[in-house]
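Every read-out reported here was derived from the displayed coordinates using simple, explicitly stated rules and does not represent laboratory data. Here the structure is a predicted model, which means the values were calculated and not measured. Please note: Cβ atoms are built from the backbone with ideal geometry, for glycine as well, and neighbour counts cover all protein chains shown.
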Amino acid sequence: MEQTMTSAISAASSKLRHRRKGFTLIELLVVIGILALLVGILTPMVMRSWRNSKRARVAMDFQAISAALESYRSAFGDYPRVIGTETGAQILCRALIAPGPATGSGQDGADGPGFKLRGAAGQTYGPYLEPSKFKIGDPLNPSVSPPDPLKAVLLDIYGSPILYYPTNPGKPAASVDYANQAESSLLDANDNLNQMGLNGLYVFYHATSDTPANATTRLRAMLGDLSDNGLIDSGEIAVTVGPYILWSCGPDETFGTASLTPTQQDVNNCDDITTFKQ
């Protein structure tokens with residue numbers, strides 16, 4: 001009798017141990033549910049941290065660019081100005097890094113970064129920005145490496161051009177002429193609009209069917225001119241009357257708001273990153 005009970009207990013223990021070797025279906029489902037819940041909670045936190053770290057990097061880059069612009073101004077008595085059909089982004093890159101060769105297309109007279117104002121002899125100016133700390137490229141011709149020095153721009157951490165808007169000398173009153181497409185205004189809205197036509201998604205264009213007029217409307221709204229007339233009217237507030245603006249597309253990698261008729265809320269919700277030198 002005792003031997004029979006011992007055998008039964010041993011058999012039951014063996015079955016119990018056998019059952020304990022794996023999870024039941026219910027246990028697996030519970031574990032999967034917990035993991036899915038944790039992923040759902042942690043993923044937004046990780047993504048937010050990732051976006052914030054990139055925004056912080058852009059802010060640090062803008063500080064470096066601002067310091068470089070002051071060095072340039074100290075050397076030449078003025079900030080870089082936009083001339084001809086070149087964009088502010090192209091002028092910024094050449095003024096601070098001067099990526100062109102000593103001779104040939106895009107020559108600037110100096111071997112390596114920096115440039116010379118006259119001939120092969122004399123002082124080399126710049127670079128005012130550490131070349132190894134910034135990527136340069138031509139978003140319209142990304143396959144060309146190295147990029148054409150005349151078309152090269154500084155790229156932000158998102159791989160998009162860092163826009164540069166210098167205010168025009170003389171600084172007309174902001175309430176008189178603020179952001180028209182003319183050199184007579186405080187800001188020339190043409191300075192970073194693509195001068196080569198609608199080649200895909202470039203500065204402030206949101207579709208291949210978009211127009212420079214729409215891009216100017218968005219730009220004016222971001223600067224405080226919601227009425228889209230180039231002026232700062234009663235009830236509107238100019239974003240800046242300082243000597244220049246630096247502009248990054250932000251985490252959505254798109255400049256400005258997508259709305260064709262932006263409201264103040266559209267502007268407030270835009271994730272672009274800007275530095276306004278006061």
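A few comments on the model shown:
- Whichever aspartates and glutamates have a C-alpha closer than 16 Å to that of Lys116, once near sequence neighbours (fewer than 8 apart) are set aside: Asp108
- Fraction of C-alpha pairs exceeding 31 angstrom in the stretch 21-277: 33 percent, rounded to a whole number.
- Kirkwood hydrodynamic radius (C-alpha pairs) into Stokes-Einstein, the stretch 61-114, 25 °C and 0.890 mPa s, D in µm²/s: 206
- Between Leu42 and Ser145, full extension at 0.36 nm per residue minus the direct alpha carbon distance yields a gain of 33.2 nm.
- Each label point was placed 7 Å from the Cα along the Cα-to-Cβ direction; for Asp111 and Val30 their separation is 7.4 nm.
- Extended-chain gain in nm, criterion 0.36 nm per residue less alpha-carbon gap, Ala75 and Met60: 3.1 nm
- Relative contact order (%) - criterion: Cα under 8 Å, at least six apart; region: the stretch 21-277: 15
- R0 of 30 Å, Cβ-Cβ distance Glu130-Thr263: FRET efficiency to nearest 0.05: 0.15
- For the residue pairs Lys54/Lys133; Lys151/Lys277; Lys54/Lys151, the alpha carbons lie more than 22 Å apart in Lys151/Lys277; Lys54/Lys151.
- Spin-label model, Phe276/Arg118: points 7 Å from Cα along the beta carbon direction are separated by 4.1 nm.
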